[in-house]
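Student: I have a structure here, written as structure tokens, and I will follow up with some questions on it.
The values are calculated or read from the model by the stated rules, or taken from the named source; none is laboratory data. Not measured: the values here are computed from a predicted model. Glycine gets a Cβ as well: all are built from the backbone with ideal geometry, and neighbour counts include every protein chain shown.
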Amino acid sequence: MVCGAPLLLVTSMRTGVAALDTSLPPGSAGWLWGTVAILLGVAYYWLIPLVWNGQTPGKRLLRLKIVRADNGQSVSVGRLLLRQGIGLLLLEGAVAFPSQLLRELLARAAGAGVADVVRIGMVAITIVSVLMGVYTPGRRMLHDRISGTREVLLTEKTADVPVATKEKA
């Protein structure tokens, strides 16, 4: 929603129709709004968890928190960048809306064939990552493994104390 809302507004203003269309406008406006939406995605996926101690609004609502896998402490700037930027947006980009926008801009720059190959690669990596999250000990997906992080469920009494887990990082 954070990334798509500006595109919905631009499309609505451009066409005069209030439709759920988050495609990029043609020409240079597409490059501008695509970049703005991607930057909003980076803010949501990376900057907000950095400021909110490992939580996005969705994670906060579900009482989840990103922590270091080795000691459960807060994650650093670099670990969050690896997890959210490289892991989620670039490698596992099949499910992240900013990744769709990156692929659309890539298609404009390098052609649809290149963007299709990237999309297929992202889907394959996402499938492998989901399987890792379901079937491996510790249930950590690829983005958590490359960044040395994990998600923990916080207790109901306090938003800062993780529920004790028996799994090893």
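Student: Pick out the one residue from I86, I125, I146 that is of a type outside the set (F, W, Y), closer than 21 Å to L39 by Cβ and in contact (Cβ under 8 Å) with a residue 12 or more places away in the chain.
Tutor: Just a single option satisfies the conditions, and that option is I86.
Student: Restricting attention to the stretch 103-146, which residues are outside any helix (DSSP H, G or I) and β-branched (V, I, T)?
Tutor: If the condition is that a residue be outside any helix (DSSP H, G or I) and β-branched (V, I, T), then T136 is the only one that fits.
Student: Across the stretch 126-151, what is the total count of residues that are crowded, with 18+ Cβ neighbours inside 10 Å and hydrophobic (A, V, I, L, M, F, W, C)?
Tutor: 2
Student: Here is a further query. Could you go through the stretch 24-39 and let me know if any residue there is surrounded by 15 or more Cβ atoms within 10 Å (Cβ to Cβ), under 15 Å from the mean Cα position of the chain (by Cα) and among the aliphatic types (A, V, I, L, M).
Tutor: Yes, the stretch 24-39 contains at least one residue that is surrounded by 15 or more Cβ atoms within 10 Å (Cβ to Cβ), under 15 Å from the mean Cα position of the chain (by Cα) and among the aliphatic types (A, V, I, L, M).
Student: Specify the residue that is surrounded by the fewest Cβ atoms within 10 Å (Cβ to Cβ); the eligible residues are those in the stretch 56-73 that are within 16 Å of G148 (Cα to Cα) and touching a residue at least 24 places away in the same chain (Cβ under 8 Å).
Tutor: For the stretch 56-73, the residue satisfying everything is D70.
Student: Let me ask something else. Give the residues of the stretch 45-102 that are out of contact with any helix residue (DSSP H, G or I) (no Cβ under 8 Å at 6 or more places or on another chain) and part of a helix (DSSP H, G or I), sorted by residue number.
Tutor: Correct list: L47, V51, G58, R60, L61, G78, Q100.
Student: Do we have V10 as in a helix (DSSP H, G or I) and in contact (Cβ under 8 Å) with a residue 12 or more places away in the chain here?
Tutor: Yes, satisfied.
Student: Can you pull out every residue in the stretch 134-160 that is small (G, A, S) and at pLDDT below 95?
Tutor: Result: G138, A159.
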